[in-house]
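See below for the structure under consideration.
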Amino acid sequence: MPEFYEAKNGLLNQQPELNIYKELPNNKAFAIINLEFEIVFCNDSFNKLFNLSPGENLDLLPPNSDFLSLLKGFKDKKFRNLSSDIILSLPGKYESSLYQIGIDRVFLSKNQYFFVVVESLEQRRTFERKINEFHIALDKGNIPVIITDQDKKVIYATRSFEDVFGMSMENMYNLHITDLLREHLTFDEHDHLALSLEKNIVWKRLVQIVRKNNEEYWEFRLQPFFVEEETKPSFMLSAANLTEHIFHKKIIETSEKKQKLILENISDLLLILKYADKVIRFENANGNFCKVFNLDKANLHLMPIYELLPPELVTSISRSISDLDECKSAVSAFDFKYKGDLRYVCKVTCTMENGSGNRIFIITMKDVTEETLHREQLEKAYYKEMQLNKMKSDFLANISHEIRTPFNGITGYSDILDECIEEGDYK
């Protein structure tokens, strides 16, 4: 670890307290140098770069060192700071490299020092290359990003954001972020954006953009961030294209509305149950079912049916579900009487819920009350008709018997008269 030295009265007093602090890697090399070109303090990077430690003199460098010549020339000039690119031949390295040297003249306790920062331009190129790669990745990945300065004015935008707004970077540059979004926001949304900027808080909004008769939906997110020790934040605006998701959601909502409309217009009672956690639970029902059993389905989702329905109906449903499991049949049926007067023919079918694997049971209950009453009336009328037919038959049989006897007598006397007339026996 490097040790801190303070120049005072020509002596170097070691400050061992700094030894307890750890220096992070990959930082810039810097040193504090007095007017005699003696190193008062340097960090590890400077020590490794020049193979010099605090207390040593820069005269240990080669006499033709551009670094030493630059410092000596700066000492004689009346400049407070200097920045220059030089080629350095460093100890232990065969090839010279290009570095940027930054020198600042500072005064401490009436003593003058040079604060020297040495940065490899190769490191800067590596950093710039990383920035360019990041920029290319954002462009190639079609990731819309805008960065503003502390005044909320655009200083950077990816190409994909140019496509979103239909504006070039030249037109967006230095444009206030509220002006950029103004035409796509309502008055209330614009006021909310301005308030978020004022309070330096995250702003998020789903925005509809119409371009060439095409609707697109973008979710904008504006987030503040601080650069180093600045007191005012800059802002980053990102966007996600949710057009396909919104259209898909609309299709699902339309389908659900149609299903709900069909469900509510079915005259039969319809009940949908889910078998989850070994309990039969309420999933949905149409209005006719809820009306008959006095239910508010908005507050009953996934409640056990034994808490909602009559025990007789719960028992019949449970038995039918067991029959479906045992018989492997597609449909199970049962009759149900409710409040003595209402009669239903019930059918139970089963299907599987997508994704979860839970079983869904659909129960249809057809009201056969009037049909049953009509059938019973027909049966009573038929029985009465049968009784009348029997009475008619009995009456005809009796009448036939009563008429046949005198008729036979009359027929016999008529035959006697015919014979007497033929024989002339008039007596």
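The values are calculated or read from the model by the stated rules, or taken from the named source; none is laboratory data. What you are looking at is a predicted structure, and each value in this text was computed from that prediction instead of being measured. Glycine also receives a Cβ, built like all others from the backbone with ideal geometry; neighbour counts cover every protein chain displayed. With ligands, DNA and RNA removed, areas are computed over all heavy atoms of the protein, side chains included. Shrake-Rupley method; radii C 1.70, N 1.55, O 1.52, S 1.80 Å.
Read through the list (1) modelled with pLDDT of 85 or more; (2) not in a helix (DSSP H, G or I), then give the number of the only condition that residue 142 fails. Of (1) modelled with pLDDT of 85 or more; (2) not in a helix (DSSP H, G or I), only one is false for residue 142: (1). Residues in segment 273-299 that are in contact with a helix residue (DSSP H, G or I) (Cβ under 9 Å, 6 or more places away or on another chain) and aliphatic (A, V, I, L, M) were compared, and the one that is surrounded by the fewest Cβ atoms within 10 Å (Cβ to Cβ) is 279.
Against the condition of a type in the set (Gly, Ala, Ser) and part of a helix (DSSP H, G or I), how does residue 255 come out, does it pass? Judged against the criteria, residue 255 is a match. If the condition is being surrounded by fewer than 16 Cβ atoms within 10 Å (Cβ to Cβ) and over 14 Å from residue 363 (Cα atoms), then segment 307-320 contributes 307, 310, 311, 312. Residues that are assigned to a helix (DSSP H, G or I) and within 43 Å of the chain's Cα centre (by Cα): does segment 341-353 have at least one? No - not one qualifying residue is present in segment 341-353. Restricting segment 240-272 to residues that are small (Gly, Ala, Ser) and farther than 22 Å from residue 333 by Cα, the residue that is surrounded by the most Cβ atoms within 10 Å (Cβ to Cβ) is 240. The set of residues in segment 321-340 being open to solvent by less than 90 Å² (accessible area, probe 1.4 Å) and either on the phi > 0 side of the Ramachandran plot or in contact (Cβ under 8 Å) with a residue 40 or more places away in the chain (or both) consists of 321, 338, 340. Do you know which of the residues in segment 61-79 that are touching a residue at least 12 places away in the same chain (Cβ under 8 Å) and assigned to a loop (DSSP other than H, G, I, E, B) is least open to solvent (accessible area, probe 1.4 Å)? Result: 65.
Taking the criterion of being surrounded by fewer than 17 Cβ atoms within 10 Å (Cβ to Cβ) and outside any helix (DSSP H, G or I), the residues of segment 46-60 that qualify are 51, 53, 55, 56, 57. Residue check: residue 323 meets all listed conditions (1) in a helix (DSSP H, G or I); (2) touching a Lys or Arg at 6+ places or on another chain (Cβ under 6 Å) but one, namely (2). Taking (1) at pLDDT below 85; (2) under 30 Å from residue 201 (Cα atoms) in turn, residue 278 satisfies each apart from (2). Scanning segment 296-319 for residues being modelled with pLDDT under 90 and either under 25 Å from residue 370 (Cβ atoms) or touching a Cys at 6+ places or on another chain (Cβ under 8 Å) (or both) gives a total of 2. Pairs meeting the criteria (first residue in segment 362-391 and modelled with pLDDT of 85 or more, second residue surrounded by 10 or more Cβ atoms within 10 Å (Cβ to Cβ) and part of a helix (DSSP H, G or I), beta carbons under 7 Å, at least 6 apart or on different chains) are 363/317.
Looking across 404, 375, one residue alone is in a helix (DSSP H, G or I) and under 60 Å from the mean Cα position of the chain (by Cα). It is 375. Every test in (1) surrounded by 14 or more Cβ atoms within 10 Å (Cβ to Cβ); (2) modelled with pLDDT under 85 is passed by residue 205 save one, and that test is (2).
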